[in-house]
1. For the condition under 28 Å from residue 137 (Cα atoms) and in contact with a helix residue (DSSP H, G or I) (Cβ under 8 Å, 6 or more places away or on another chain), what is the one hit in 40, 46, 60?
2. Can you find a residue that is free of Cβ contacts under 8 Å to residues at least 60 places away in the same chain and outside any helix (DSSP H, G or I) anywhere in region 48-61?
3. Go through (1) open to solvent by less than 10 Å² (accessible area, probe 1.4 Å); (2) at pLDDT 95 or above; (3) among the aromatic types (Phe, Trp, Tyr) one by one and return the number of the condition residue 386 breaks.
4. Exactly one condition in (1) within 16 Å of the ligand (Cβ to nearest atom); (2) over 27 Å from residue 240 (Cα atoms) is false for residue 422; which is it?
5. Between 366, 344, 326, which is open to solvent by less than 30 Å² (accessible area, probe 1.4 Å) and in contact with an Asp or Glu (Cβ under 8 Å, 6 or more places away or on another chain)?
6. Checking residue 134 against (1) farther than 30 Å from residue 540 by Cα; (2) at pLDDT below 95, which test does it fail?
7. Here are 401, 446: which of them is at pLDDT 95 or above and more than 16 Å from the ligand (Cβ to nearest atom)?
8. Just to check your reading of the model, which residue among 78, 90 is without any contact (Cβ under 8 Å) to a residue 40 or more places away in the chain and open to solvent by 90 Å² or more (accessible area, probe 1.4 Å)?
Amino acid sequence: MVFDYSTLPREFKRHYLPQGIEFEWADLNRVFGELGERSLGSEAALEKWLLDEAELDAYLYEQRTIRYFNSTRQTDNLEYAKAYEQYTELLEPKVKLAGFELLKRYASSQFRGRLPTRVYGLEDRRRRSAVSIFREENVDLEKEDSTLSQKYYRITGAMTVSFRGEERTLQQMSKFFEVPDRGVREEAWRLTTQRALGNREALDSIYSEMVALRDRIARNAGFDNFRDYTFVKKDRFDYTPHDCEIFHQAVEEAIVPLSRDIDRRRSERMGVDVLRPWDLQVDPAGREAMRPFDQVPALVSGAGKVISKVDTELSSYFQRMVDLQLLDLDSRKGKAPGGYQEELAEVRLPLIFMNAVGKDDDVRTLLHECGHSFHTFLMRKAMLPFFNGGANMPNEFSEVASMSMEIISGEHYEGAFYDREDAKRSNWKEAVDNVKLFAWVATIDAFQHWVYTHPQHTEEERANAWVATFNRFCGLESYEGLESSRAYRWHRQLHIFEVPFYYIEYGIALTGALGVWSRYRKDPKDAIEAYKSALTLGCARPLPELFEAAGVEWGFGPTALRRLAGELRSAVKEYGE
Ligand SMILES: [Zn+2]
C-alpha cells in the first residue's frame with residue numbers, strides 16, 4: 001500500500017524554495033547558506049527572511065513526516081526504514097546545527113526589536129531563550145542522551161510473553177485486563193509485570209545514566225538543576241515549577257478522594273473486598289468489552305456521524321481527510337503500534353495513523369486525533385509569518401484541541417456506535433479515565449521533580465521516592481505481595497525516560513479540555529465557536545490567551561481542580577448508575 005503524496009492539492013504556493021529542491025544535504029545546505037549570508041539591513045528584510053525560513057521549516061517538517069509516516073505504516077519495508085534512519089542519523093543533526101546558526105543570526109539582528117510585538121513577540125522570546133541556553137558542549141551530551149533513549153526503547157520494545165499459546169507484546173496483553181474472568185486477568189497481569197521486572201536492573205542503570213547526563217547539561221547551561229533548565233528549554237513562560245507543585249497538592253486534595261470513591265464503588269459493584277491491580281480496567285458490572293464497530297469503514301462512518309452533530313465546518317474537514325485518504329486506521333501486520341496525528345506542513349494537511357481493532361478506545365483515539373487534525377486545518381487561517389507547527393506548538397494547548405474533541409464527541413455516540421446503555425458506559429469510562437489521568441500526571445510529574453532536584457540519589461532512594469509519590473496519588477488497589485512491581489512501575493512509563501517533564505502538559509491540557517466540555521454541555525454552539533476560534537490562533541499567543549479564546553479559564557490550581565472534580569463526580573454518577 002503506497003501513499004502518493006504528489007497527488008495532494010498544493011494550495012499554498014512556494015515563494016522562496018526552488019521547485020526542484022531535493023531532500024538532501026547539498027540542496028539544503030545551499031538554502032541554509034543563502035539565509036545565513038543574506039543581508040538583513042531593514043525590518044522589511046528581516047520579515048522577509050523569517051518568512052523564507054518558515055517555508056524551509058515547513059518543507060523540512062513535511063519531508064520528515066512523510067518518512068516517518070511511511071516507516072510506521074510498513075515497518076517491514078526496508079527501504080522506508082532506511083529512508084527514515086538516514087534522515088535521523090545523517091540529515092537531522094546537520095539541519096539542527098544549521099538551524100541554530102540561523103537562530104543566532106536572528107538574535108543578533110538590530111531590527112529584531114522593531115518588529116510588531118503582537119505578531120512576533122512570543123516567537124522572539126522563544127528564539128532569544130533558545131540562544132541563551134545553547135552550549136556547544138551539550139550537543140554531544142544530548143546525543144548520548146538520545147542513544148540511551150534508544151537503548152530503553154530497544155529493551156522495552158523486545159519484551160514479550162507467551163500467553164495462551166501465543167507470543168504477545170506487553171501492549172497486546174492489556175486487552176486481557178478487560179475480560180470479566182478475574183483469574184484470567186490476574187494471570188495476565190502477573191505474567192506481564194514479571195516480564196517487565198526481568199529488565200529492572202538494566203532499566204534502572206539506563207535511567208541513572210540519564211539523570212547524571214541531564215544534570216550535567218543543565219549545569220553547563222548555568223542552571224542549578226535539570227528541572228529549572230527544562231522549564232526554560234520548553235518555553236514555559238506562563239508557569240513555574242512551583243505552580244506544578246501546587247497542582248500536585250490540588251490533585252491530592254480534590255482528585256484523589258474522588259478517585260478512591262470511584263474505586264470503592266467499583267469494588268462494591270464487583271463484589272470484591274479488596275481491589276487488586278488487575279481489577280481496574282474491567283467493566284464493574286461484569287459485562288464483556290464494548291464493540292463499537294467491526295471494520296474500519298464502520299469506524300469512519302460512525303465518526304463522520306458524530307462530528308457532523310458537533311459542527312458542520314469540522315465535519316467538512318473530516319470528509320476532506322476521508323476523500324484525500326489521509327486516514328490510516330486499520331491494524332495490519334507490519335504496522336507500528338500506537339496512534340498519532342502529524343501535519344504535512346507544506347500542503348498544510350493532517351495525517352492520522354492508528355491501529356483500530358474494534359474497541360471503545362479506538363473510537364476515542366480517532367476522535368482525539370481528529371481534534372489535532374482540526375487544529376491543523378484551522379491554523380491554515382492564521383498564516384503566521386514563522387513556522388507554526390512541530391515543536392513550536394505548545395502541547396499544553398494542542399492537547400486541548402484533541403482532548404476536547406475526544407471528550408465532547410461522547411455526547412453523540414448513541415446511534416453512531418452504541419445503544420443508550422453502551423453510550424453511557426463509554427462516557428462513564430472516559431470520565432473515570434480522566435480522573436485517573438489527573439492522578440497519574442501528578443504522580444509522574446512529582447516523581448520527576450524529586451529525581452532532578454536530588455540528582456545524587458541512590459537507586460534505592462529513588463525506588464522509595466517513587467513508592468511515596470505513588471501512594472500519595474494512587475487508588476484503593478492493594479499491592480500486598482506485589483511490592484516490587486509497584487516500586488518499578490515507573491519503568492514502563494516511557495515519558496520518564498524519553499521526554500522528561502513532558503507529562504504535566506497533559507494535565508494542564510486536560511483542565512482546558514474539561515472546561516470546553518463543560519461549556520459544551522450547557523451551550524454547544526457557543527462552546528464550539530470559541531473552540532474553533534482558539535484553534536485558528538496557532539502558536540503566536542501565550543497559553544493564558546489561547547485558553548481564554550477557547551472560552552476557558554487558564555489555571556490548574558486548587559480552584560480549577562475543585563470545580564472540575566465536582567463536574568467529573570456528577571458525570572461519573574450520571575453515566576455510571
Ligand atoms: Zn494528542
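1. 60
2. Checking region 48-61: not a single residue is free of Cβ contacts under 8 Å to residues at least 60 places away in the same chain and outside any helix (DSSP H, G or I).
3. Every listed condition holds for residue 386 apart from (2).
4. Every condition holds for residue 422 apart from (1).
5. Just one listed residue meets the conditions, 344.
6. For residue 134, the exception is condition (1).
7. Unique residue meeting the criteria: 446.
8. Just a single option satisfies the conditions, and that option is 78.
The values are calculated or read from the model by the stated rules, or taken from the named source; none is laboratory data. Quantities reported herein were computed from a predicted structural model and do not represent experimental measurements. Cβ coordinates were reconstructed from backbone atoms using ideal geometry, including for glycine residues, and neighbour counts include every protein chain displayed. Side chains included, ligands, DNA and RNA excluded: accessible areas come from the protein's heavy atoms. Shrake-Rupley method; radii C 1.70, N 1.55, O 1.52, S 1.80 Å.
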